[in-house]
Amino acid sequence: MALRPFSLTHVEYEAGSRLGLLCAVLSLAPPFVICAHATLLASRRDLGAAALLAGALLNVVANSALKAAAREPRPPHPALRQPDGGDAFGWPSAHAQFAFFYAAYAALWALSGRWRVRLLVWRVLVAAGALAAAAGVAASRVALGYHTQPQVAAGAGIGAALGAAFFAFVELALRPRFAALAAWAPLRALRVRDCSEVDTLLVEFEAVVLAAARKGR
């Protein structure tokens, strides 16, 4: 019976290499980001967070479709023992595409003013930090030998383009309908809400609680 490992978070690096360890940690960023995003969505139940998570999952589906269509092999690597199947295909890099999808979305979210911070320097720093982190994830895949530079470059370009396009779609098509969606009975029963116009959610929540407490005196 042929066995195949579930290698979603399996990364190998040269023993004793601190740079390799750093690259391995960076390569694990996508599953960590998805877990953090799912936790954020479960706690806040915000339509904006739900839209971004849906976009990220669509980005993953698009990457799988592109890999299946291109069928470009990865570079030789001792950890990739399956000659057939999706793990053998490297174009475009899923890690790079995922990282740059999130980075492009986050950068546009910050620079467009959707992040309600007045100082431009903070918004620029967030955008630059997101893109730098994505570049680190992409570079780690080449350094660890899982992808070639063209495969990573393709993933980064496709991910950034999809992230920018999805941000525009959310802002122009979805966000104007968030209030109506939040008022829809099934979503209202699940406590789904639209936090788009709330500057600081905890401050607003505290204000509501204090106002209710004053009325109850």
Inset, instruction - State which residue pairs qualify: first residue closer than 24 Å to ALA180 by Cβ and free of Cβ contacts under 8 Å to residues at least 12 places away in the same chain and inside region 35-47, second residue surrounded by 10 or more Cβ atoms within 10 Å (Cβ to Cβ) and acidic (Asp, Glu) in any location, beta carbons under 9 Å apart, and separation of 6 or more residues or different chains. - result: LEU40/ASP46
Legend entry - Matching residues in region 15-34 - criterion: being buried (at least 18 other Cβ atoms within 10 Å of the Cβ) and either aromatic (Phe, Trp, Tyr) or under 27 Å from PRO176 (Cα atoms) (or both): none
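Looking at ALA62, ALA42, ALA68, ALA103, can you tell me which residue is modelled with pLDDT of 90 or more and either loosely packed, with under 15 Cβ neighbours inside 10 Å or not in a helix (DSSP H, G or I) (or both)?
On the way: ALA62 fails: either loosely packed, with under 15 Cβ neighbours inside 10 Å or not in a helix (DSSP H, G or I) (or both); ALA42 fails: modelled with pLDDT of 90 or more; ALA103 fails: either loosely packed, with under 15 Cβ neighbours inside 10 Å or not in a helix (DSSP H, G or I) (or both).
Result of the check over ALA62, ALA42, ALA68, ALA103: ALA68.
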Inset, instruction - Return the only residue of PRO83, PRO78, PRO73 being surrounded by fewer than 17 Cβ atoms within 10 Å (Cβ to Cβ), closer than 17 Å to ALA24 by Cα and at pLDDT below 95. - result: PRO78
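Residue by residue through region 110-123, note down the ones that are in a helix (DSSP H, G or I) and either over 18 Å from the mean Cα position of the chain (by Cα) or surrounded by fewer than 21 Cβ atoms within 10 Å (Cβ to Cβ) (or both).
The initial filter retains those residues of region 110-123 that are in a helix (DSSP H, G or I), namely 110-111, 120-123.
Scanning region 110-123 gives LEU111, LEU120, VAL121, TRP122, ARG123.
Would you pick out the residues in region 8-24 that are in contact (Cβ under 8 Å) with a residue 40 or more places away in the chain and part of a helix (DSSP H, G or I)? Please lay out each step first, then the result.
Pass one, region 8-24, residues in contact (Cβ under 8 Å) with a residue 40 or more places away in the chain: 10-13, 19-20, 22-24.
Across region 8-24, the qualifying residues are LEU19, GLY20, LEU22, CYS23, ALA24.
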Inset, instruction - Those residues that are touching a residue at least 60 places away in the same chain (Cβ under 8 Å) and loosely packed, with under 14 Cβ neighbours inside 10 Å, I need them from region 48-59; list them, please. - result: LEU58
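The values are calculated or read from the model by the stated rules, or taken from the named source; none is laboratory data. Quick caveat, the model's predicted, so the values are computed rather than measured. Reconstructed Cβ throughout: ideal geometry from the backbone, glycine too, with neighbour counts over all protein chains shown.
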